[in-house]
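Q: The structure is given below, and queries will be raised subsequently.
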Amino acid sequence: MSYKIVVLIKQVPDTQNVGPDAMNADGTVNRAALPAIFNPEDLKALEMALQVKDKYPESRVTVLTMGPERAASIIRDALSRGADNGIIVSDIRFAGSDTLATSYALACAIRKTGHYDLIFGGRQAIDGDTAQVGPQVAEKLDLPQVTYAERLLSLKDDTITLTRRLDNGVETVEATLPLLVTVTASAPDCRYPHAHRLLQYAKTQPEIWNADAISPEMERLGLKGSPTKVKKIDNVVLAHKEGVRIENSDAAIGELVVSLMEDHIIG
Amino acid sequence: MVLIYCELTENAQIADVSLELCTKGRQLADRLGSRLEALVCGESLNGIEKQLYPYGVDVVLKADDPRLSPYRTLPHFALLSEVIRERKPEIVLMGATCVGRDLAPRIASRLRCGLTADCTSLEIGDYEDKAKGKSYQNILYQIRPAFGGNIIATIVNPETRPQMATVREGVMKKELKDSGYKGECVTLDAGRYLKKEDEAVRIVAREIEQRKINIKNASIIVSGGYGMGSRENFGMLHQLAQALGGEVGATRAAVDAGFAEGERQIGQTGVTVRPKLYIACGISGAVQHRAGMDQSGKIISINTDPDAPINAIADYTIIGDACKVVPQLIACYNKNKK
Ligand SMILES: Cc1cc2nc3c(=O)[nH]c(=O)nc-3n(C[C@H](O)[C@H](O)[C@H](O)COP(=O)(O)OP(=O)(O)OC[C@H]3O[C@@H](n4cnc5c(N)ncnc54)[C@H](O)[C@@H]3O)c2cc1C
Ligand SMILES: Cc1cc2nc3c(=O)[nH]c(=O)nc-3n(C[C@H](O)[C@H](O)[C@H](O)COP(=O)(O)OP(=O)(O)OC[C@H]3O[C@@H](n4cnc5c(N)ncnc54)[C@H](O)[C@@H]3O)c2cc1C
């Protein structure tokens, strides 16, 4: 038995370690000041795909990303960890895509890869933060979806069993392939790159597909294919309140407590 | 028309997040001069509409079928996507929960409409598309943080309908409209919507944890950050909370350090709260934390650093070591209480 697997990976600015120079004065994001990293949950999605390959070594894992050509670095990273093949979908015509246009382009690219049994993705990317792309790719390919997957329990023939991490518990589900799975932050960490594979793929230039290569309906791509428009972006600035400084003394703290009691906020 | 997709709790009550959305939906519908409708999908839903009318819901759409409970994506997807096609709402709101965030994007993809995740505010206004030279009236402004909370974006979907948004629990305020509000209930024939292929994913087991800690509904929250220094020092926050009849909250840094349970985390990746009083002890006030508490009635900050960002949104600031100030607060309160 072997499976054809596609893993959706995204290169993202490291929004979790934002320094003071991360924002431009006009409120836009200074991408140059943020290191580009492998979206953390996509690494976990890759791990789940590699677990399938551990069990069924004839399986083939293809990583796919839509983004600029410099996203080749996360493809090389994925190859060094055990993926078989990587593709970048890149074209200026994808610029301005919202999740609907992103998922449409990804779905067209997945179709072009040929037969597939399983598609893995992260639950959420740390820049857009929407968690919408996975379920939208599933719908476009007319596949069932299992979101927030945490553990792969078993896979045999066309039946997979997974646990899902919910807001208030854990659910175990069984599903029939083909299927799209999104993997959540509490799933197992990805294995490290193999030293020899690091060397082997250090200079690999992954295949690049432009818009024509994925045979889309052009009006569904990029800004044109995106119903959501960003009307305005505000940098988060502190709205300064006229607060009261309370002296750090028994008497002043006592007065504060009494006034809160009088206002029925406490007591 | 404004449509709310309602979620159910484990014991088949309408979830708080959905009632909060009904309150918001009522305001939006009033502003647009239109109806508010709510869809409930589940099993054994007798009388459930009575929970919704008081929030100003005009029409409750009810689909009652064992295949709809517990929640699974495909059966709910089949129902909601068809209901939207039939009833053509202008706006659809859903909870940004593990259910809403699973279902809403699939619906938006099927209907090819825009969807904005995790909105913190929803308003009605006009929009001008300068590039196209077109203007639009009474559009839904969907306001959401992105980039890990470092920016706030206002998003609109001028051309496509419905305008869809998800909102986290606790972000909107739940308010009764009128306990005698008159609505009507329409029962949908679930069998007409569900197909055999909708059974592709089967639930084998479910382990649902009861929420033990309820910080969301607390009217007073004593919250601690990394500046508290240890789990032992967090003990005095529990004492203060107990004295005041409140609950203890925490920052992510405090949770990560093991000072408090994950369920107590307040902020963008935790719970959103709006208590009457929020006492922030040893909390710096990162955007991701403020996102979950800046709607609090009154904020007291206790911090050794006079320039801590939290002080800028505090009503009262006490500069000092929280481990000394908190016991003082407890003593003062005990002395003055009746
Ligand atoms: C400030 C801001 C706010 C935005 N708000 C919205 C909004 O409310 N609604 C909306 O529709 N769009 C929104 N967008 C646009 C959205 O961020 C982009 O469409 C983005 O390409 C995909 O969304 P995401 O980053 O949220 O991905 P998510 O949906 O969070 O990603 C989930 C998973 O999908 C896969 N994936 C996502 N993108 C790619 C990719 N390019 N290549 C390969 N795999 C991928 C990965 O496995 C990832 O883990 C916003 C953008 C910005 C800058
Ligand atoms: C994507 C993302 C999501 C996040 N989500 C959340 C979230 O949901 N909730 C959240 O809280 N954080 C979240 N964070 C983390 C957030 O950015 C901050 O790191 C965190 O809130 C800081 O916690 P803190 O204020 O306890 O710690 P610190 O920032 O370390 O602040 C400690 C404060 O204590 C003060 N202090 C030190 N000693 C004392 C003393 N003895 N007495 C009084 N004051 C003292 C210091 O002056 C300082 O102001 C998120 C981050 C990211 C990137």
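Q: In region A:46-73, what count of residues is obtained for those that are more than 26 Å from residue A:218 (Cβ to Cβ) and open to solvent by 10 Å² or more (accessible area, probe 1.4 Å)?
A: Here the count works out to 10.
Q: Does region A:241-259 include one or more residues that are touching a Lys or Arg at 6+ places or on another chain (Cβ under 8 Å), in a helix (DSSP H, G or I), more than 7 Å from chain B (Cβ to nearest Cβ) and small (Gly, Ala, Ser)?
A: no
Q: Output the residues belonging to region B:184-210 that are assigned to a helix (DSSP H, G or I) and of a type outside the set (A, V, I, L, M).
A: Result: B:191, B:192, B:196, B:197, B:198, B:199.
Q: Are any residues in region A:223-267 within 19 Å of residue B:311 (Cα to Cα) and of a type in the set (Gly, Ala, Ser), and if so, which ones?
A: Matches in region A:223-267: A:239, A:243, A:249, A:252.
Q: Has region B:187-210 got any residue that is surrounded by fewer than 13 Cβ atoms within 10 Å (Cβ to Cβ), within 22 Å of the chain's Cα centre (by Cα) and within 12 Å of chain A (Cβ to nearest Cβ)?
A: yes
Q: Quick one: in region B:287-297, which of the residues that are of a type outside the set (D, E, K, R) and more than 16 Å from ligand 1 (Cβ to nearest atom) is surrounded by the most Cβ atoms within 10 Å (Cβ to Cβ)?
A: Filtering region B:287-297 for residues of a type outside the set (D, E, K, R) gives B:287-289, B:291-293, B:295-297.
Subsequent filtering for residues that are more than 16 Å from ligand 1 (Cβ to nearest atom) retains B:289, B:292-293, B:295-297.
Numbers: B:289: 28, B:292: 26, B:293: 26, B:295: 17, B:296: 23, B:297: 14.
The qualifying residue surrounded by the most Cβ atoms within 10 Å (Cβ to Cβ) is B:289.
Q: Separate question: Taking region B:130-151 only, how many residues are open to solvent by less than 20 Å² (accessible area, probe 1.4 Å) and either modelled with pLDDT under 95 or among the hydroxyl-bearing types (Ser, Thr, Tyr) (or both)? Spell out the reasoning first.
A: At the first step, the residues of region B:130-151 found to be open to solvent by less than 20 Å² (accessible area, probe 1.4 Å) are B:139-140, B:142, B:144, B:146, B:148-149, B:151.
With the extra rule that they be either modelled with pLDDT under 95 or among the hydroxyl-bearing types (Ser, Thr, Tyr) (or both), the set shrinks to B:144, B:146, B:148-149, B:151.
So the count comes out to 5.
Q: Taking the options A:233, A:253, name whichever one is closer than 30 Å to residue B:291 by Cα, more than 16 Å from ligand 1 (Cβ to nearest atom) and surrounded by 12 or more Cβ atoms within 10 Å (Cβ to Cβ).
A: Only one candidate passes the filter, namely A:253.
Q: On to the next question. In this structure, is residue B:304 within 8 Å of ligand 2 (Cβ to nearest atom), under 18 Å from residue B:229 (Cβ atoms) and among the hydroxyl-bearing types (Ser, Thr, Tyr)?
A: Considered against the rule, which asks whether it is within 8 Å of ligand 2 (Cβ to nearest atom), under 18 Å from residue B:229 (Cβ atoms) and among the hydroxyl-bearing types (Ser, Thr, Tyr), residue B:304 comes out as yes.
Q: Looking for whichever is buried (at least 22 other Cβ atoms within 10 Å of the Cβ) and not hydrophobic (A, V, I, L, M, F, W, C) here; the options are B:87, B:101. Which one fits? Walk me through it before giving the result.
A: Values: B:87 fails: buried (at least 22 other Cβ atoms within 10 Å of the Cβ).
Answer to the check: B:101.
Q: Same structure again: So, in region B:130-151, of the ones that are in contact (Cβ under 8 Å) with a residue 24 or more places away in the chain and more than 27 Å from residue B:85 (Cα to Cα), which residue ends up farthest from the chain's Cα centre (by Cα)?
A: Selected residue: B:150.
Q: Next question, about the same structure. Can you name the condition, by its number, that residue A:234 falls short on among (1) facing another protein chain (nearest Cβ under 8 Å); (2) assigned to a loop (DSSP other than H, G, I, E, B); (3) in contact (Cβ under 8 Å) with a residue 24 or more places away in the chain?
A: Every listed condition holds for residue A:234 apart from (2).
Q: Just checking, how many residues over region B:93-129 are among the hydrophobic types (A, V, I, L, M, F, W, C) and within 18 Å of residue B:20 (Cα to Cα)?
A: Total meeting the criteria: 10.
Q: Hey, another quick one. Just to check your reading of the model, which residue among A:175, A:149, A:131, A:211 is touching a strand residue (DSSP E or B) at 6+ places or on another chain (Cβ under 7 Å) and more than 21 Å from residue B:208 (Cα to Cα)?
A: Matching residue, one of A:175, A:149, A:131, A:211: A:131.
Q: How about region B:126-177: which strands (runs of 3 or more DSSP E) wholly inside it have at least 1 residues that are more than 10 Å from chain A (Cβ to nearest Cβ)?
A: Working: elements: B:134-146, B:151-156, B:163-167.
In region B:126-177, B:134-146, B:163-167 are the strands (runs of 3 or more DSSP E) which contain 1 or more residues that are more than 10 Å from chain A (Cβ to nearest Cβ).
Q: Same structure, new question: Starting from region B:3-25, take each residue that is among the basic types (Lys, Arg) and list its partners that are modelled with pLDDT of 95 or more, counting only C-beta distances under 7 angstrom and pairs at least six apart or across chains.
A: That search, which allows pairs on different chains as well, returns B:24/B:93; B:24/B:122.
Q: Here's something else I'd like to know. Going through A:177, A:153 one at a time, which residue ends up being within 11 Å of chain B (Cβ to nearest Cβ), out of contact with any helix residue (DSSP H, G or I) (no Cβ under 8 Å at 6 or more places or on another chain) and surrounded by 16 or more Cβ atoms within 10 Å (Cβ to Cβ)?
A: The unique qualifying residue is A:177.
Q: Return the residue satisfying two criteria in turn: it lies in region B:298-312 and is in contact with a strand residue (DSSP E or B) (Cβ under 6 Å, 6 or more places away or on another chain) and open to solvent by 10 Å² or more (accessible area, probe 1.4 Å), and of such residues it is nearest to ligand 1 (Cβ to nearest atom).
A: By that ranking, first place goes to B:311.
Q: Hey, can you tell me all the residues within region A:122-146 that are without any contact (Cβ under 8 Å) to a residue 40 or more places away in the chain, away from ligand 2 (no atom under 16 Å from the Cβ) and within 7 Å of chain B (Cβ to nearest Cβ)? So that I can check it myself, show each step before the final result.
A: Step one: of region A:122-146, the residues without any contact (Cβ under 8 Å) to a residue 40 or more places away in the chain are A:128-130, A:132, A:136, A:139-146.
Subset that is away from ligand 2 (no atom under 16 Å from the Cβ): A:132, A:136, A:139-146.
The answer is A:132, A:136, A:139, A:140, A:144, A:145, A:146.
The values are calculated or read from the model by the stated rules, or taken from the named source; none is laboratory data. As the structure is a computational prediction, the values presented were derived from the model and not from experiment. We place every Cβ from the backbone using ideal geometry, glycine too, and count neighbours over all the protein chains shown. These area figures cover heavy atoms from the full protein model, side chains too; ligands, DNA and RNA do not enter into them. Shrake-Rupley method; radii C 1.70, N 1.55, O 1.52, S 1.80 Å.
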